[in-house]
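A quick write-up on the structure given underneath.
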Amino acid sequence: MKLLEENKKAILLGNEAIARGALEAGVDFATTYPGTPASEISDSLSMVARYMNKIGIDVPFYFEYSTNEKVALEMAASAAISGLRAITSMKHVGMNVASDAFMTYAYVGCKGGHVIVTGDDPSCHSSQNEQDNRQYARFANLPMLEPSNPEEAKEMTIEAFKISEELEIPVLLRTTTRVAHMRGVVELKKLNMEKKKGKFVKGDYVTVPEIARKLHPVLIKKMEKAKEMAEKNKFNYIEDFGGNYGIITSGAAYNYVKEAIDDLDIKTKLFKIGFSHPLPEKKIADFLRNVEKVIIVEELEPIMENEIKIIARNNNIDIKIYGKGFGKFGRIYEYNPDIVYSTLSDFFGIEYGVKEIKINAAPRPPILCPGCPHRATYYAVKKVAPPDTIYPTDIGCYTLGVLPPYKTADFLLCMGSSAGSAGGFSKATGKKVIAFIGDSTFFHAGLPALINAIHHNHNFTLAILDNSTTAMTGHQPHPGNSIDGMGNEAVAINIASIVKGIGVKHVEVVNPYNLKATQDAFKRALEYDGLSVVIAKAPCILLDLKRRRKKITFEIDQDKCTKCNVCINDFACPAFYRDGDKIKINESLCTGCGFCVQVCPEKAIRRKK
Amino acid sequence: MKKSILLAGVGGQGVITAANIIANAALIEGHKVITSELHGMAQRGGDVKCAVRIGNVYSPIIPPQTADAIISLEPMEALRNLNVVSKKGVVITDINPIYPPLTSIGIGEYPSLNDIFEKIEKHCRLVKINADEVAKKAGSILTKNIVMIGSFYALDIFPLERKSIIQSISQNIKKEYVDMNIKAFEIGEKEIK
């Protein structure tokens, strides 16, 4: 296994490199809730744990896919306060969930190093917003490191553990999609696989007001020391390419700047910031004194720009500082070589221009897979729900129900917001409301909302789409599964029992591949006056395909097909396509779920022999 | 030295595997290599692209119109990414369209193959491969990504040794399918020679 080899070079994904860094640093405790673009950090650690378990080696660290990010952070915080090294990884919006614990954890601090990884997603490649989590370092007042490539991601993870131990506070490691999902050559050094036991020494850790007031100034002091550390840290360094102008940059943007300097032959001084909070004030002031003007290249918010302007002011340095609003630099979306090349060419007065070719290619958005059980559920719901039904939805593959022809997604904020908002829509409008939520999301944040709904007698239907996995982020296990992230036996929580246990009177479990049964179940749920729950239970088709030995496919009997187009226009399984005036099934796409047999009004679809 | 290629296709075609094979071959030869990929959201059906860059490179995104080649497993995906390839570069693409399901309900229109090829040829060199057919000859349509690597290798525009690519295939493909994929590579090569 690649992640367990030593003394060689390997190509690692940025996220794999973070996991590797944790292993080289002797991580004892790793927790997460999966989310793109951070999932592979914990998936790698899970893979290592399962592999060692399988071949009978005692796994030197504890790993878990926690129910949500807040629980993940709390689990790891208690390990770190007991002197163990811990890593907790999550996507940027996961930090919002963890933030209640996070903000006070900064006061309490830790003994063993604790690295909290936030995977930010400028341009919302797979997220509901593009919030800039560098703000969290400022908000909680904690140190932050930002790698630009996999090699740095590994080294900074190791460094973050050390900084955390020296200061006795958790350290944030921030990636963005382009760093997390970049592969590069990484040197695999010595692993540290010693198993350690934590020791909890009781102290001032109960944040009642009196103690919290005592702890806050302690944090401020620690961060003053952090500032001194940032001045000397090897990840804050200056490269001199000549000239009298300066560039200050960090993270993914550094990569574009570095190539622009090479490709456009730019003469500049370049300050690369890796230890990005707190900023090294003296080093930056010295840099500013040595240039005529400077441009800050950072994605999203003008965080460094504003802080550097303050540094310039406090040090009486009167030079122009450029950043957001100059050239193509803005506060939205990720940067790319085009944006950076053209803006830097403006700044340095260099000729640059690429004539863009106009292209009209049809969009190819991600869609529900052929054979996906969610499509079957949506098909049944659309058959029975009134046209003005409101559909709050949630975070998962099923969010793709927003696309035509289904349009079974009307409102989405965050994990669990389907169940939370459904009662509001029902009270506010009096319309029928069907909310969709996945199994993993239900455990994550749906449960408190459902308890609220049953307690207040809300009137809506919650459809729990239970495909037995956290599908969208790569099939991680969740509390409904009987095997955990280390490959150990786990207690599988039964969703129907929970729902009944909190007092929901109308609960049905259906197999979504049975169209008639699913339609009837939703009809009854809609007629029920009060809160109803329908659990559509069938495994993710991709998992099911892995288990299945023989591939089954279906075909259309062209003699019976009347070209009514129901299969294409209403059902919209991607395996169906038009070939001239015929409708056919693409054999390599068909997963053999057979649901379309129930959809075809002419009974023209049959199993291929 | 800087060399960049972009691999493109549709989710499920093995674009990322193909990129990893080429990147790993570059590592075998001691090059600095980086690749980029995007994943998340649904696993299949969306457009996929993956850059492989070697030499003095930092950016995982290829600067506009600087790539030496696009290797596309689907013709419209070659067109979609045309802005990445240099005028002196080459587009090598499979010729079998995969129509986005949304086009059948009137959202977006798949351009005609002629238009696609004309547009590409106006910008740079175009090499067309019926990779579906070749892959079937090798034993499975699933070897299509390796067929394309074979044809690309035969064009001799990327500084990699044949034996490194073969070695990389055996390291990146499940044992039982290695022979079939090496065969796919070889037949792919012959399509060009």
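When the stretch A:511-526 is filtered for residues that are under 21 Å from residue A:468 (Cα atoms) and of a type outside the set (Phe, Trp, Tyr), the ones remaining, listed by number, are A:511, A:512, A:514, A:515, A:517, A:518, A:521.
Applying the condition of being closer than 16 Å to residue B:106 by Cβ and touching a residue at least 40 places away in the same chain (Cβ under 8 Å) to the stretch A:572-587 and asking which residue is nearest to the other protein chains (Cβ to nearest Cβ) yields A:574. Against the criterion of being free of Cβ contacts under 8 Å to residues at least 40 places away in the same chain, surrounded by 15 or more Cβ atoms within 10 Å (Cβ to Cβ) and either out of contact with any His (no Cβ under 8 Å at 6 or more places or on another chain) or among the hydroxyl-bearing types (Ser, Thr, Tyr) (or both), residue A:269 qualifies. Can you confirm whether the stretch B:145-168 contains a residue that is over 18 Å from residue B:52 (Cα atoms) and within 14 Å of chain A (Cβ to nearest Cβ)? No: the stretch B:145-168 contains no residue that is over 18 Å from residue B:52 (Cα atoms) and within 14 Å of chain A (Cβ to nearest Cβ).
Looking only at the stretch A:332-363, filter to residues that are in contact with a Gly (Cβ under 6 Å, 6 or more places away or on another chain) and within 12 Å of another protein chain (Cβ to nearest Cβ); which one of those is farthest from residue B:122 (Cα to Cα)? This residue is A:363.
Give the stretch B:55-76 a look and list any residue that's within 23 Å of residue A:339 (Cα to Cα) and facing chain A (nearest Cβ under 10 Å), or say none. Reasoning before the result, please.
Going residue by residue through the stretch B:55-76, those that are within 23 Å of residue A:339 (Cα to Cα) are B:55-70.
Listed by number, the residues that qualify are B:56, B:57, B:58, B:59, B:60, B:61, B:62, B:63, B:64, B:65, B:66.
Condition check ((1) under 19 Å from residue B:8 (Cβ atoms); (2) at pLDDT below 95; (3) in a helix (DSSP H, G or I)) across all residues:
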| residue | (1), (2), (3) |
| --- | --- |
| B:144 | yes, no, yes |
| B:147 | yes, no, yes |
| B:152 | yes, no, yes |
| B:157 | yes, yes, no |
| B:164 | no, no, yes |
| B:167 | no, no, yes |
| B:176 | no, yes, yes |
| B:180 | no, no, yes |
| B:188 | yes, no, yes |
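Take the conditions over 30 Å from residue A:544 (Cα atoms), at pLDDT 95 or above and surrounded by fewer than 19 Cβ atoms within 10 Å (Cβ to Cβ) and apply them to residue A:299. Does it pass?
On the way: over 30 Å from residue A:544 (Cα atoms): yes; at pLDDT 95 or above: yes; surrounded by fewer than 19 Cβ atoms within 10 Å (Cβ to Cβ): no.
Judged against the criteria, residue A:299 is not a match.
Taking the condition of being part of a strand (DSSP E or B) and of a type in the set (Ser, Thr, Tyr), how many residues in the stretch A:71-94 meet it? Talk me through it step by step, then tell me what you get.
Looking only at the stretch A:71-94, we keep the residues that are part of a strand (DSSP E or B), and these are A:86-91.
Among the residues that remain, those that are also of a type in the set (Ser, Thr, Tyr) are: A:88-89.
Selection size over the stretch A:71-94: 2.
Of B:90, B:134, all but one fail to be surrounded by 19 or more Cβ atoms within 10 Å (Cβ to Cβ), assigned to a helix (DSSP H, G or I), away from chain A (no Cβ under 13 Å) and in contact with an Asp or Glu (Cβ under 9 Å, 6 or more places away or on another chain); the exception is B:134. Residues in the stretch B:32-54 that are at pLDDT 95 or above, out of contact with any helix residue (DSSP H, G or I) (no Cβ under 6 Å at 6 or more places or on another chain) and at the interface with chain A (Cβ under 9 Å from one of its Cβ atoms): 2 in all. Does residue A:609 satisfy the criteria of being away from every other protein chain (no Cβ under 14 Å), farther than 19 Å from residue A:379 by Cβ, modelled with pLDDT under 95 and in a loop (DSSP other than H, G, I, E, B)? For residue A:609, the condition - away from every other protein chain (no Cβ under 14 Å), farther than 19 Å from residue A:379 by Cβ, modelled with pLDDT under 95 and in a loop (DSSP other than H, G, I, E, B) - is met. Here are A:393, A:389: which of them is crowded, with 24+ Cβ neighbours inside 10 Å and either away from chain B (no Cβ under 14 Å) or without any contact (Cβ under 8 Å) to a residue 60 or more places away in the chain (or both)? Unique residue meeting the criteria: A:393. Scoring residue B:23 on the criteria (1) facing chain A (nearest Cβ under 8 Å); (2) among the small types (Gly, Ala, Ser); (3) not in a helix (DSSP H, G or I) leaves a single failure, condition (3). Residue B:117 satisfies every condition listed in (1) touching a strand residue (DSSP E or B) at 6+ places or on another chain (Cβ under 7 Å); (2) in a helix (DSSP H, G or I); (3) within 12 Å of chain A (Cβ to nearest Cβ); (4) free of Cβ contacts under 8 Å to residues at least 60 places away in the same chain except (3).
The test for being more than 14 Å from chain B (Cβ to nearest Cβ) and more than 30 Å from the chain's Cα centre (by Cα) holds for residue A:383.
Among the criteria (1) within 14 Å of residue A:415 (Cβ to Cβ); (2) free of Cβ contacts under 8 Å to residues at least 40 places away in the same chain, the one residue A:442 does not fulfil is (2). All of A:152, A:187, A:168 fail the test of being modelled with pLDDT of 95 or more, charged (D, E, K, R) and under 26 Å from the mean Cα position of the chain (by Cα), apart from A:152. Within the stretch A:536-550, residues that are in the same structural domain as residue A:380 (by TED's automatic domain parsing) have Cβ atoms under 7 Å from residues that are assigned to a helix (DSSP H, G or I) in these pairs: A:536/A:373; A:536/A:377; A:536/A:518; A:538/A:373; A:541/A:373, counting only partners at least 6 apart in sequence or on another chain.
Can you tell me which residues in the stretch A:140-174 are part of a loop (DSSP other than H, G, I, E, B) and either within 16 Å of residue A:279 (Cα to Cα) or away from every other protein chain (no Cβ under 14 Å) (or both)?
A:141, A:142, A:143, A:146, A:147, A:168, A:169, A:170
Listed by first and then second residue, the pairs linking a residue in the stretch B:167-182 that is surrounded by 13 or more Cβ atoms within 10 Å (Cβ to Cβ) to a residue that is in a loop (DSSP other than H, G, I, E, B), with Cβ atoms under 6 Å apart and 6 or more places separating them unless they lie on different chains, are B:180/B:139; B:181/B:173.
Could you check the stretch A:6-58 and list, in sequence order, the residues that are within 18 Å of residue A:478 (Cβ to Cβ) and hydrophobic (A, V, I, L, M, F, W, C)? Even if it seems obvious, please write down each step before you answer.
If we filter the stretch A:6-58 for residues that are within 18 Å of residue A:478 (Cβ to Cβ), which is where we start, we get A:30-36, A:38-43, A:45-47, A:49-50.
Residues satisfying the conditions are A:30, A:38, A:41, A:45, A:47, A:49.
Name the residue that is nearest to the other protein chains (Cβ to nearest Cβ), counting only residues in the stretch A:241-261 that are within 33 Å of the chain's Cα centre (by Cα) and either surrounded by fewer than 17 Cβ atoms within 10 Å (Cβ to Cβ) or hydroxyl-bearing (Ser, Thr, Tyr) (or both). Residue satisfying both the conditions and the ranking: A:256. Scan the stretch A:307-325 for residues that are surrounded by fewer than 14 Cβ atoms within 10 Å (Cβ to Cβ) and under 30 Å from residue A:177 (Cβ atoms) and jot them down. Scanning the stretch A:307-325 gives A:310, A:325. Looking only at residues in the stretch A:70-84 that are over 21 Å from residue A:491 (Cβ atoms) and not small (Gly, Ala, Ser), the one that is surrounded by the fewest Cβ atoms within 10 Å (Cβ to Cβ) is A:81.
On inspection, residue A:428 fails the criterion of being small (Gly, Ala, Ser) and touching a helix residue (DSSP H, G or I) at 6+ places or on another chain (Cβ under 7 Å).
Is the stretch A:508-526 home to any residue that is over 25 Å from residue A:603 (Cβ atoms) and among the aromatic types (Phe, Trp, Tyr)? Lay out the reasoning, then the answer.
Filtering the stretch A:508-526 for residues over 25 Å from residue A:603 (Cβ atoms) gives A:508-509, A:524-526.
Then keep just the ones that are among the aromatic types (Phe, Trp, Tyr); that gives none.
No.
The values are calculated or read from the model by the stated rules, or taken from the named source; none is laboratory data. What you see is a predicted model; the values in this text were computed from it and never measured. When we count neighbours, we look across all protein chains shown, and the Cβ atoms used for this are built from the backbone with ideal geometry, even at glycine.
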